[in-house]
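The values are calculated or read from the model by the stated rules, or taken from the named source; none is laboratory data. All values derive from a computational prediction rather than experimental measurement. Here the Cβ positions follow ideal geometry from the backbone for every residue, glycine too, while neighbour counts run over all protein chains shown.
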Amino acid sequence: MIVLKKLPYSSLPAVYDNNTFLKNTVWILYGVFIYLVLRIITTDPGIIPKDTFSESLRRIILEESLFMSMRAYEKNEKNYCVVCHHNMPEKTFHCRRCNCCVLDLDHHCKALGSCIGKRNYHFFVLMLFVLLIINVIAFTISTSLFYQEFSTTGRSEWLCILFKKYPLSGALQLTTSLMFFPITYMNTLHCKLISCEVGTYYYFLHTYNSPPDNGMKKFTLKKMLINYFKLFKKPKQPSLLRIGHVSDDKLLSIIRN
């Protein structure tokens, strides 16, 4: 607070203070962003319990032949976890950081300290989109401010404007400029992953370690839009951590969907 009081009032963009709609929009977006982050880190991503679930999964796969044929069910490197010692459904991977298998594991997010899987992936995708909007708005505010200032002053005063008159806006401009490209890349990447119906881990694993014909579906805009709609429309499956309170029929529907 002491540092902020010593800084001049003009260190914050005037366009933000004079625009009530923009101010409310930014606060709403920040609120949505924080909400999504909390939902990601507090939602079970689809962890497979190591004990009780394994027996139920084996029985259901044997009875219904889900995801794998009877021959593919045998222990092998594709569908058997050597750490948890159980067979895994399709697109399930073991997270070394969390030391557990996760259904439809996309990746382990180091920034959030949580796995992104079947039950919280839609929160993660929406968070990336909201973060991109916030970044674009912040970049636009700071850019318009400096454009107005630079167009009415000489070049000799530009450094003074950046570091003395508007230091916070200068920091905002630099931060948003550096963050724009990685955030845009993440949004673009997940648009492709959703269209191809694969996760980040699966995509990079098969892209760099497999031949060109790796069985992944090709990217199409139509398929991406359809899968986006399905991603947010389908109901969230119950957590398998509560397997003791879920019937076999319910477990069957969770695995199938």
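List the pairs whose first member sits in region 194-209 and is at positive phi, whose second member is modelled with pLDDT of 85 or more and among the charged types (D, E, K, R), and whose Cβ atoms are under 9 Å apart, counting only residues at least 6 apart or on separate chains? Pairs that qualify, where the first residue is at positive phi and the partner is modelled with pLDDT of 85 or more and among the charged types (D, E, K, R), are GLU197/LYS223.
Answer yes or no: is there a residue in region 210-220 that is within 16 Å of the chain's Cα centre (by Cα), modelled with pLDDT of 75 or more and hydroxyl-bearing (Ser, Thr, Tyr). Walk me through how you get there before you give the answer.
Of all residues in region 210-220, those within 16 Å of the chain's Cα centre (by Cα) come to none.
No: region 210-220 contains no residue that is within 16 Å of the chain's Cα centre (by Cα), modelled with pLDDT of 75 or more and hydroxyl-bearing (Ser, Thr, Tyr).
Pull up region 81-94, narrow it to residues that are touching a residue at least 24 places away in the same chain (Cβ under 8 Å) and not in a strand (DSSP E or B), then point me to the one that is surrounded by the fewest Cβ atoms within 10 Å (Cβ to Cβ). Steps first, please.
First, the residues of region 81-94 that are touching a residue at least 24 places away in the same chain (Cβ under 8 Å): 84-89, 91-93.
Restricting the remaining residues to those that are not in a strand (DSSP E or B) gives 84-85, 88-89, 91-92.
Numbers: CYS84: 18, HIS85: 10, MET88: 22, PRO89: 21, LYS91: 18, THR92: 21.
Step by step, filter region 81-94, then rank; the result is HIS85.
Residues of region 95-121 that are buried (at least 22 other Cβ atoms within 10 Å of the Cβ) and in contact with a Phe, Trp or Tyr (Cβ under 6 Å, 6 or more places away or on another chain): LEU105, ASP106, ILE116.
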